[in-house]
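**Q** Next up is a structure, given as structure tokens.
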Amino acid sequence: MADDGVRALIAEAGVDARRLRAALALLSDGRWWTLGDLVRESATSRRTIEALLRELPDLEHSGDRFRLPPAPVEAPPSPADPVTHLLPAHAQVVEQMAELIAKAPRGRHVLDHVAATADTVVRRALLLGTRFSLDGARLLCVGDHDLTSLAAAMVHPGLEVTVVDIDDRILGYIAAGAARLGVSVHTRWADLRLGLPPPPARTPTWRSPTRPTPPRASACSWPVPPRACATGTGGASCWRTG
């Protein structure tokens, strides 16, 4: 299992090699795993898992599922869950998010989409609330196929959320969901591979598929300067507390 290809991937990952080691431990535990389940459980990207699977000569296949011959592979330690005790009070939000996720546009492989579970997105929203004072704050979600914006807005009614995404389907779905739920979530199309968009003349709203190519920007011009950012499987989330 630990051949030269796998060692090279782990070495290239550097400090983030923990996710690859976690995926190897999952594949070696005797269970069958789909690609999506491996991505979710190891909290890494689809492309990283695909690269790992290509380097495993002993990989067993069963339809769309994979596993390695059972072997004692030590999994990296995981931190304690800081929000489990808060979930019971938000059971209704979890149910609403489960329905929203089930009806959301299908993920696009080229955009590395893997949907998060309703439980996960509500945990994200709760974790933000344990770290920051969010009443009157603004949250910027850079890519939001996971619909974390809607969960955060429901859990924290005083929070103003803006979503920037390249996928018009996701933006339209989030905008419609926010209107139906009565929460403050604004949406804006942008391809950040071309640079940061200029400041909008008014509150960001969803743009139709007919749009000009966003110009390059040499400096950050988005009107919500973040104080902290966190990246994950569904993209990056940035927020400020003032």
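**Q** Among the residues of region 23-57, which ones are under 20 Å from Pro77 (Cβ atoms), open to solvent by less than 20 Å² (accessible area, probe 1.4 Å) and either modelled with pLDDT under 90 or touching a Cys at 6+ places or on another chain (Cβ under 7 Å) (or both)?
**A** Ser42, Thr44
**Q** Further question: Of the conditions (1) within 20 Å of Ala116 (Cα to Cα); (2) modelled with pLDDT under 95, Gln96 clears all except one; give me its number.
**A** (2)
**Q** Scan region 1-59 residue by residue and report those that are among the acidic types (Asp, Glu) and within 19 Å of Thr117 (Cα to Cα).
**A** Asp37, Glu41
The values are calculated or read from the model by the stated rules, or taken from the named source; none is laboratory data. A quick note: this is a predicted structure, and the numbers were derived from the prediction, not measured. Note: ideal-geometry Cβ built from the backbone for every residue, glycine included; neighbour counts use all protein chains shown. Each accessible area value is taken on the protein alone, full model and side chains, heavy atoms only, with ligands, DNA and RNA left out. Shrake-Rupley method; radii C 1.70, N 1.55, O 1.52, S 1.80 Å.
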